[in-house]
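**Student:** Could you have a look at this structure, given as structure tokens, before my questions?
The values are calculated or read from the model by the stated rules, or taken from the named source; none is laboratory data. On a predicted model such as this, the values are computed, not experimentally measured, just so you know. Because the Cβ atoms are built from the backbone with ideal geometry, glycine has one as well, and the counts that use them run over all protein chains shown. The accessibility values were calculated without ligands, DNA or RNA, using every heavy atom of the protein model including side chains. Shrake-Rupley method; radii C 1.70, N 1.55, O 1.52, S 1.80 Å.
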Amino acid sequence: MANLILSTVNFSCYDEHAHQVSFSQSKSIRAPLRNTAYNSNRGQNMTSLKYFRYESPFSRKLVSSKKQNIYSHLVRSVSRQANTIENEGQMKELAEFLKEDLQHLFDDQGIDVSKYDEKVTFEDPLTRYDSIQGYLFNIQFLRRIFEPDFVLHSVKQTGPLELTTRWTMGMKLGWFPLKQWYMPQFLFTGTSIMGVNPETGRFNSHRDTWDSIQDQEYLSQEGVIDLIKQLVQLYKTPDLQTPDFKVMKRLRSFEVRTYEPFIVAEAPMPVSSRGVESTTPGGPSSKSAFQSLAAYIFGQNSKSEKMSMTTPVFTTSSSTEGAPTMQFVVPSNSARVADCPFPLGSEVKLQKDPGGEFAVLKFPGEVTTELAEKKAGELRLLLKNCGYECTPGYRLARYNDPSTPGFFRRNEVFIELLNFEL
């Protein structure tokens, strides 16, 4: 009985009849091989044990062609498992690399091209390149023409040689000459599927997908229409402080946002005799609540402090818990309610909004109660079709003053999501 000397790695081998023999890390292994022959005359299996000896994995002392096949199988098995272990470590390193490197996607430092093949292919629904030079050109084009804001959410391994990132990217034309009245803005969320070349260990493919479309092919009709629809949106958003949030997903008709906690001043909106509150600017209940909140912001508080204006103005619906209210966002100079100037009148209360995940539907025009209810119903139906769980009621957000023309106004309805996962 001889010794089989192999590399010190974990592997499995099989005889020619697929009987598995497992080996653990060792420098010297006894390896019995089972030869089974069938005697048709006797109707019996005749089994014998043979042993073979190799001085090294590359030994040329092969006793028979069968043993040569077994030896080749051993080498392939060891090689496959060694490559798997090596690939797993390599993919973890590349994932950590992307988490760091993509923070510099649009800054002066830029990405580290040493991790990309020269012939790396890049494709999204609007653009396509087949070299690292084209890839870098696309990055610089977006950086120079737009003002990209890239947020990386996650990097995950989705295949033996594949990593997938999830991201949000906003862009605007900051140099646009008419930006005082209209600022073209674009927002995309989606994934980047990054393929790795097994021979070089570098990225050799990069394909982007958008959450807002189904057809992800290059120059898809959906992709072009999505871009044009964003281009012609005429919403005017005031340059005022607003609660901090991130857009996690932008789908075809609505967004999913994560809001950080923020403080609001709120005043009740009495329900009319018909049982319906007026969310229309200038309506009796809306006007009363607005005046109380404006007085607080402009100095009728314990510190006689005039605070800066914020946006949006929130209105809760009567279908949410409690009576409907109007809310102003308190400037974020104070992190706690206790640090804020407290109201002098009894109509205004301060509270901390816990934030959370919200589905948001944006629409223009002059808001009425009927329009707000209609848009909230549309959003709730979209959420149902997408399989999202949500809370009852909704919140209306208005961003503009009454002097802004209706087609420039930005209005949104918010519905809080339950158990949202990206």
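**Student:** Name the residues in segment 125-138 that are assigned to a helix (DSSP H, G or I), more than 22 Å from the chain's Cα centre (by Cα) and without any contact (Cβ under 8 Å) to a residue 24 or more places away in the chain, would you?
**Tutor:** 132, 133, 134, 137 - these are the residues of segment 125-138 that are assigned to a helix (DSSP H, G or I), more than 22 Å from the chain's Cα centre (by Cα) and without any contact (Cβ under 8 Å) to a residue 24 or more places away in the chain.
**Student:** Now for a separate question. Out of all the residues in segment 122-138, which are more than 22 Å from residue 175 (Cα to Cα) and open to solvent by less than 30 Å² (accessible area, probe 1.4 Å)?
**Tutor:** Listed by number, the residues that qualify are 122, 124, 125, 131, 132, 134, 135.
**Student:** Pairs please, first residue from segment 408-421 and closer than 14 Å to residue 249 by Cα, second anywhere and of a type in the set (Val, Ile, Thr) and buried (at least 20 other Cβ atoms within 10 Å of the Cβ), Cβ atoms under 9 Å, 6+ apart in sequence or on different chains.
**Tutor:** So the pair list comes out as 417/256; 420/256.
**Student:** What residue, among those in segment 231-251 that are modelled with pLDDT under 95 and farther than 30 Å from residue 345 by Cα, is surrounded by the fewest Cβ atoms within 10 Å (Cβ to Cβ)?
**Tutor:** Once the filter is applied, the top-ranked residue is 232.
**Student:** Picking from 183, 169, 194, which residue would you name as being of a type in the set (A, V, I, L, M), more than 30 Å from residue 118 (Cβ to Cβ) and in contact with a strand residue (DSSP E or B) (Cβ under 8 Å, 6 or more places away or on another chain)?
**Tutor:** Working: 169 fails: more than 30 Å from residue 118 (Cβ to Cβ); 194 fails: more than 30 Å from residue 118 (Cβ to Cβ).
Residue meeting the stated conditions: 183.
Residue-by-condition table, conditions (1) closer than 30 Å to residue 421 by Cβ; (2) open to solvent by less than 50 Å² (accessible area, probe 1.4 Å); (3) among the hydroxyl-bearing types (Ser, Thr, Tyr); (4) not in a strand (DSSP E or B):
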residue	(1), (2), (3), (4)
120	no, yes, no, no
140	no, no, no, yes
164	yes, yes, yes, no
168	yes, yes, yes, no
174	no, yes, no, yes
180	no, no, no, yes
194	yes, yes, no, no
208	yes, yes, no, no
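**Student:** Then there's this: Answer yes if at least one residue in segment 405-417 is in a loop (DSSP other than H, G, I, E, B) and under 21 Å from residue 243 (Cβ atoms), and no otherwise.
**Tutor:** If we filter segment 405-417 for residues that are in a loop (DSSP other than H, G, I, E, B), which is where we start, we get 405, 409-410.
Keeping just the survivors that are under 21 Å from residue 243 (Cβ atoms) gives 409-410.
Yes, that holds for at least one residue.
**Student:** Let me ask you something else. Residues that are of a type in the set (S, T, N, Q): which strands (runs of 3 or more DSSP E) entirely in segment 292-377 hold 2 or more of them? Full working, then the answer.
**Tutor:** Working: elements: 313-316, 325-329, 349-353, 356-363.
It comes to 313-316, 325-329.
**Student:** Of the residues 198, 261, 268, 160, which is touching a Lys or Arg at 6+ places or on another chain (Cβ under 7 Å) and either open to solvent by 30 Å² or more (accessible area, probe 1.4 Å) or of a type in the set (Val, Ile, Thr) (or both)?
**Tutor:** On the way: 198 fails: touching a Lys or Arg at 6+ places or on another chain (Cβ under 7 Å); 268 fails: touching a Lys or Arg at 6+ places or on another chain (Cβ under 7 Å); 160 fails: touching a Lys or Arg at 6+ places or on another chain (Cβ under 7 Å).
Testing whether each residue is touching a Lys or Arg at 6+ places or on another chain (Cβ under 7 Å) and either open to solvent by 30 Å² or more (accessible area, probe 1.4 Å) or of a type in the set (Val, Ile, Thr) (or both) leaves just 261.
**Student:** Does any residue in segment 208-224 that is modelled with pLDDT of 95 or more and of a type in the set (Phe, Trp, Tyr) come within less than 8 Å, Cβ to Cβ, of a residue that is open to solvent by less than 30 Å² (accessible area, probe 1.4 Å) and assigned to a loop (DSSP other than H, G, I, E, B) six or more places away or on a different chain, and which pairs are these?
**Tutor:** Short answer, once both residue conditions are applied: 210/124; 210/125; 218/124; 218/125.
**Student:** Sticking with this one: Kindly evaluate residue 364 against the criterion of being more than 20 Å from residue 247 (Cβ to Cβ), crowded, with 17+ Cβ neighbours inside 10 Å and not charged (D, E, K, R). Break it down stepwise before answering.
**Tutor:** Values: more than 20 Å from residue 247 (Cβ to Cβ): no; crowded, with 17+ Cβ neighbours inside 10 Å: yes; not charged (D, E, K, R): yes.
Judged against the criteria, residue 364 is not a match.
**Student:** While we're here: Take segment 392-413 and flag every residue that is open to solvent by less than 30 Å² (accessible area, probe 1.4 Å) and over 15 Å from residue 364 (Cα atoms).
**Tutor:** Answer for segment 392-413, where residues must be open to solvent by less than 30 Å² (accessible area, probe 1.4 Å) and over 15 Å from residue 364 (Cα atoms): 393, 394.
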